[in-house]
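Novice: The structure under discussion is supplied below as structure tokens; questions concerning it will follow.
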């Protein structure tokens, strides 16, 4: 079997902003690779993630997002909030020199580094150990599923810093835990441990830290065992179920099933 085509992965660019992307068959593993900064995040990473998602070929079926070392992500690199910032990166002070439209467009571009993980073409899995703070929590929430080590701690830290969660994390949090609990978690900026995350529906599974890799691998294998087209159609249906009325959702189900029947009978 010829090696997989990885020409769409700009490894040098990813490495330059503290990311890795490794393709193994139909599985892409994206690693936050700044362990010396507890995998804190930067705008350069968000731009690179958004572009990676835009370049993703259709034969990728599962995307795993993880952090190098003992921490998933400590959130935004807080140096970006100070007057000196980080050389080569957007800082808040730089951003505030633009007009409102520029700021809104810039944040929209940042958000695309998260929203691509909802693409129905694949299932995204966050593999979380240690801290998932602020942007780290939102990156985990951007994924469809979350396999969590028993030492994981989630926190929406932004309100404690005078900010709001703005990396597309509010919608999935409310969908998972409900409005009241989401408000309490965000407004208090408290930590949510692994067991509570499982009880609230944030964690798909909670396992000892030593079993995290193996459990994630088992989940990926199970996801790959189902028909690729059926999983894609099902993900899209589940995404629309909460916002559509019953009749509209039933129509989407019929249309999706028609496509599946056509695809299956075309092989006979």
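Novice: Return one number: the angle in degrees, 0 to 90 and rounded to the nearest 10, between the long axis of the Cα atoms of helix 246-266 and the longest principal axis of the Cα atoms of the chain.
Specialist: 60 degrees
Novice: Please check which bits of segment 226-246 a label hung off residue 58 would reach, taking the label as a point 7 Å along Cα-to-C-beta and the cut-off as backbone N under 17 Å.
Specialist: Backbone N within reach: 227-236.
Novice: What nm distance separates the two modelled labels at residue 78 and residue 252, each placed 7 Å from Cα along Cα→Cβ?
Specialist: 4.1 nm
Novice: Report the residue, chosen from 188, 115, 29, that carries the largest GNM mean-square fluctuation when the chain is represented by alpha-carbon nodes joined by springs under 10 Å.
Specialist: 188
Novice: With springs only between Cα atoms under 10 Å apart, run a GNM on the chain and tell me which of 182, 199, 132 wobbles the most.
Specialist: 199
Novice: Full extension from residue 239 to residue 260: what is 0.36 nm times the residue separation minus their Cα-Cα distance, to one decimal in nm?
Specialist: 5.8 nm
Novice: What FRET efficiency comes out for the pair residue 86/residue 161, r = Cβ-Cβ distance, R0 = 25 Å, nearest 0.05?
Specialist: So, using R0 = 25 Å, E works out to roughly 0.90.
Novice: What list of whole percents do you get for P(r) of segment 227-268, with Cα-Cα distances grouped in 5 Å bins up to the one holding the largest distance?
Specialist: In whole percents, the pair-distance histogram is 5, 24, 29, 20, 12, 6, 2, 0.
Novice: Could you tell me how many degrees, from 0 to 90 and to the nearest 10, lie between the Cα long axis of helix 212-225 and the main elongation axis, the longest principal axis, of the Cα atoms of the chain?
Specialist: That helix lies at roughly 30 degrees to the long axis.
Novice: Sticking with this one: Quick one: helix 43-55 against the long Cα principal axis of the chain, what's the angle to the nearest 10°, folded into 0 to 90?
Specialist: 10 degrees
Novice: So what is the relative contact order for the chain, in percent, with contacts set as C-alpha pairs under 8 Å and at least six apart?
Specialist: Rounded, it is 15 percent for the chain.
Novice: Nearest 500 deg cm²/dmol is fine: what mean residue ellipticity at 222 nm does the chain get from its DSSP H runs of n ≥ 4 alone, each adding -39,500 (n - 2.57), divided by its residue count?
Specialist: -13500 deg cm²/dmol
Novice: Follow-up. How many nm separate the modelled label positions at residue 187 and residue 109, each set 7 Å beyond the Cα in the direction of the Cβ?
Specialist: Going by the 7 Å Cα→Cβ label model, 3.5 nm.
Novice: Evaluate the Debye formula for the chain with equal point scatterers sitting on the alpha carbons, no solvent, and hand back log10 of I(q)/I(0) at q = 0.16, 0.17 Å⁻¹, in q order, two decimals.
Specialist: One equal scatterer on each Cα of the chain leads to -1.31, -1.45.
Novice: Considering only C-alpha atoms, what is the centroid distance from segment 202-256 to segment 1-39, in Å?
Specialist: 24 Å
FYI, it's all coordinate maths here, none of it is from the lab. On a predicted model such as this, the values are computed, not experimentally measured, just so you know. No Cβ is skipped: glycine too gets one built from the backbone with ideal geometry, and neighbour counts run over all protein chains shown.
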